[in-house]
Amino acid sequence: MQQRPYDRAKVGRVIGWGGEHLVCSYEGNRVIKFSWHVFFSRRWGVKKLLKDYRIGETYFAPYLLPTDIRVWNNSNSAVEFQPKVNCRTFTKNDLLNERIMSQIKDIFSCHTRMQQEIHKSFDIFGLKGLIGRLPHHELSNIMVTDDDKLIILDFTTIDVKPQWFEWPLLLFLRWAQRRQEFLLKKYWSEI
């Protein structure tokens, strides 16, 4: 069995968690992210993680936070390293800022192009955004830095070719895709 590509002693406190990741500080200036999907789906989750990141680099490179994905355990396990950044969740109030509005329009344009070319959707809202209270849904996978730059912390496509044990995930992803399409049309259509 291959050795873990990180030092457990350097994994710090939990600084965030969501529908896809548990995020911990790592060595002060980085974070380490553990994927729930990789943990439960193992090799299939690792394949999706790597494939999704390549898609993200293709369509959203200027906005994608640099991510170092390290795979081990015969491709059954993976972790992600990212720089630690000060940021906050993007909300509709941010549309009043012209610089941010320009960037979000570009992100939505990239998303539309991705949908047309490869027929996949990016999880724009994240779990928090999908189940948040109406009409104040946040785009919790798109963040705003202190200098008004938009970044994508977690790039995941709403797509899975499930194994037999993943049917609950498939049902959830189908609901998430319909929910995201509804929210984009109803609350974000002006972009």
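The values are calculated or read from the model by the stated rules, or taken from the named source; none is laboratory data. All values reported here derive from a predicted model rather than from experimental measurement. Note that each Cβ is placed from the backbone with ideal geometry, even for glycine, and that neighbours are counted across all protein chains shown.
Structure values in brief
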read-out: Pick from the stretch 46-96, criterion under 13 Å from the mean Cα position of the chain (by Cα) and of a type in the set (A, V, I, L, M), ranking: surrounded by the most Cβ atoms within 10 Å (Cβ to Cβ); value: Leu49
read-out: Any hit, the stretch 128-141, residues being surrounded by fewer than 16 Cβ atoms within 10 Å (Cβ to Cβ), modelled with pLDDT of 75 or more and not aromatic (Phe, Trp, Tyr); value: no
read-out: Val23 in contact (Cβ under 8 Å) with a residue 40 or more places away in the chain, β-branched (Val, Ile, Thr) and not in a helix (DSSP H, G or I); value: no
read-out: Subset tally (residues that are part of a helix (DSSP H, G or I) and within 14 Å of Ile124 (Cα to Cα)) for the stretch 176-191; value: 11
read-out: Meets criteria (closer than 27 Å to Phe34 by Cα, outside any helix (DSSP H, G or I), at pLDDT 85 or above and not assigned by TED's automatic domain parsing to the domain that holds Leu50) for Val160; value: no
read-out: Matching strands (runs of 3 or more DSSP E) fully within the stretch 37-133 where at least 1 residues are touching an Asp or Glu at 6+ places or on another chain (Cβ under 7 Å), in contact (Cβ under 8 Å) with a residue 40 or more places away in the chain and not aliphatic (A, V, I, L, M); value: 77-83, 87-90
